[in-house]
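The values are calculated or read from the model by the stated rules, or taken from the named source; none is laboratory data. All of these numbers come straight from a predicted model, not from anything done at the bench. Here Cβ is always computed from backbone atoms with ideal geometry, including for glycine, and neighbour counts include all displayed protein chains. Note: areas computed on protein heavy atoms with side chains; ligands, DNA, RNA excluded. Shrake-Rupley method; radii C 1.70, N 1.55, O 1.52, S 1.80 Å.
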Amino acid sequence: MSGRGALIVVEGIDRSGKTTQCAKLVSALLSQGHKVEVMKFPDRTTETGKMIDAYLQRDQTLDDHVVHLLFSANRWEQCSNMLENLHKGVSLIVDRYAYSGAAYTSAKQGFTLDWCKNPDKGLPDPDLVLFLNLSSKEAESRGGYGEEIYEKVEFQKKVHNNFLQLKSKQWKVIDASQSEENVHREMLNNVNSVIENVKGQQIGKLWL
Ligand code: NYM
């Protein structure tokens, strides 16, 4: 049956397994015959993405408000492309989205969750958010964090709490401490039912 694609977002703190699971999800969906594409935010290939990348790698200092707005702009750049794909019946698996934007910036001093959500209001609203739930301690034990700017256990703990405050009815919290295969199966089951259910539904606007 034809119909629009589903917008599926995968969120979690650093090292919760998002990127591995997105790849497994896409290949499973493709082999089931679905039209599907994977996307990742930040998209480091665009002009805003290059500025974000330089900031994350500590090559460039930027005001925290500016960084936040760059991350949001980096998503808005893809908005029309995302809507076009969804209307064509392509489902999108998105590795991080506006929830990361709000959860990371609001872990910084002087930022409220409410302020952080504002620039992303009106983006396409996900049909499903798969939150890979892992404690910051457990995430750190997975081989340690890298060199990027937010990769510190205390900061990740705040980010984790912020994510949980953003939970809404489209969210499914997945225990990411399970085996890779179990996490995959749980994600795939949720995605399969959402792809079927959204076909006749309109695409909503995030946080509006
Ligand atoms: N990040 C990601 C933000 O701070 N705000 C955002 O809006 C997004 C999408 O960028 N530590 C942070 C989370 C990560 C870092 O992401 C880079 P990744 O998935 O490691 O490339």
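By the scheme Lys and Arg +1, Asp and Glu -1, what is the net charge of all other residues having a beta-carbon under 15 Å from that of residue 30? Don't skip to the answer; put the middle values down first.
Working: positive: 24, 35; negative: 37.
After counting each charged neighbour, the total is +1.
Take peptides 169-176, 118-125 and line them up by average Cβ neighbours within 10 Å, highest first, as a rough protection proxy. Walk me through the numbers before you get to the answer.
Values: 169-176: 16.0, 118-125: 17.8.
Peptide ranking by packing, descending: 118-125, 169-176.
In percent, what relative contact order does the chain have, based on Cα pairs under 8 Å that are 6 or more apart in sequence?
Details: 339 pairs, mean separation 71.6, N = 208.
Once normalised by length, the contact order is 34 percent.
For the chain, what proportion of DSSP beta bridges, expressed in % and rounded to the nearest 5, is antiparallel? Show your work: numbers first, answer last.
Values: 1 of 19 bridges.
DSSP beta bridges in the chain are roughly 5 percent antiparallel.
Quick one: check the C-alpha center-to-center distance for region 19-57 versus region 134-208, whole angstrom.
15
Projecting each Cα onto the charge dipole of the chain (Lys/Arg +1, Asp/Glu -1 at the beta carbon, about the Cα centre), which of 111, 30, 5 comes out farthest on the positive side?
Farthest towards the positive end: 5.
Compute the distance in nm between two label points, each set 7 Å from the Cα along the Cα-to-Cβ direction, one at residue 2 and one at residue 87.
Label at residue 2, label at residue 87, 1.4 nm between them.
Keeping all protein chains in place and using 1.4 angstrom, which order do 34, 87, 68 fall into by accessible surface area, from largest down? Write down the numbers at each step before the final one.
On the way: 34 50, 87 125, 68 0 Å².
Reading off the accessible areas and sorting them downward yields 87, 34, 68.
Rounded to whole Å and ordered largest first, report the semi-axes of the equivalent ellipsoid of region 1-81 derived from its Cα gyration tensor (root of 5λ). Could you put the intermediate results ahead of the total?
On the way: eigenvalues 169, 48, 20 Å².
Result for region 1-81: semi-axes of 29, 16, 10 Å.
Let me have the relative contact order for region 39-133, percent, based on Cα pairs under 8 Å that are six or more residues apart. Could the numbers behind the result be given before it?
Details: 75 pairs, mean separation 27.2, N = 95.
Answer for region 39-133 is 29 percent.
Let's see if you can work this out: charge +1 on each Lys and Arg Cβ, -1 on each Asp and Glu Cβ, no other charges. What is the dipole magnitude of the chain about its Cα centre, in debye to the nearest 20?
On the way: 26 positive and 27 negative charges, 100 e Å.
Approximately 480 debye in magnitude.
Calculated FRET efficiency, residue 193 and residue 168, Cβ-Cβ r, R0 22 Å, to nearest 0.05?
Numbers: r = 18 Å, r/R0 = 0.80.
It comes to 0.80.
Considering only protein heavy atoms and a 1.4 Å probe, what is the carbon-and-sulfur percentage of the accessible area of region 1-108? Display every interim value, and only then the final one.
Working: 2420 of 4510 Å².
Heavy-atom surface of region 1-108 belonging to carbon and sulfur, 1.4 Å probe: 54 percent.
Do any GluC sites (Glu not before Pro) in region 1-96 lie in a loop, going by DSSP, with at most 10 other beta-carbon atoms within 10 Å of their beta carbon, and if so which?
Numbers: sites: 11, 37, 47, 77, 84; in loops: 77.
Filter output for region 1-96: empty list.
Provide the per residue accessible area, probe 1.4 Å, for the chain, rounded to a whole number of square angstrom.
On the way: 9910 Å² over 208 residues.
Counting only protein heavy atoms, the per-residue value for the chain is 48 Å².
Run through every distinct alpha carbon pair of the chain and return the Kirkwood hydrodynamic radius in angstroms, one decimal place.
Computed over Cα pairs of the chain, the Kirkwood hydrodynamic radius comes out at 17.4 Å.
Name the residues whose placed amide hydrogens come within less than 5 Å of the amide hydrogen of residue 40, ignoring near sequence neighbours (fewer than 5 apart) on the same chain.
Result for residue 40 returns 95.
Which listed residue (139, 201, 190) has the Cα farthest towards the positive end of the charge dipole for the chain, taking +1 on Lys and Arg C-beta and -1 on Asp and Glu C-beta about the Cα centre?
Highest projection toward the positive end goes to 201.
Using the Karplus curve 6.51 cos²θ - 1.76 cosθ + 1.60 with θ = phi - 60°, what ³J(HN,Hα) values do you get for each residue of region 136-142, in whole Hz, with x for Gly and Pro?
5, 5, 5, 4, 5, 6, 7
Number of Lys pairs in region 32-110 with C-alpha atoms less than 24 angstrom apart, excluding same-chain neighbours closer than eight positions? Present the calculation step by step, with values, prior to reporting the outcome.
Working: 35/88; 40/50; 40/88; 40/108; 50/108.
So the count of such lysine pairs works out to 5.
Using a simple charge model, +1 on the beta-carbon of Lys and Arg, -1 on the beta-carbon of Asp and Glu, nothing else, what dipole does region 29-128 show about its Cα centre, in debye to the nearest 20? All intermediate terms of the calculation are to be shown ahead of the outcome.
Values: 11 positive and 14 negative charges, 29 e Å.
Its charge dipole is roughly 140 debye.
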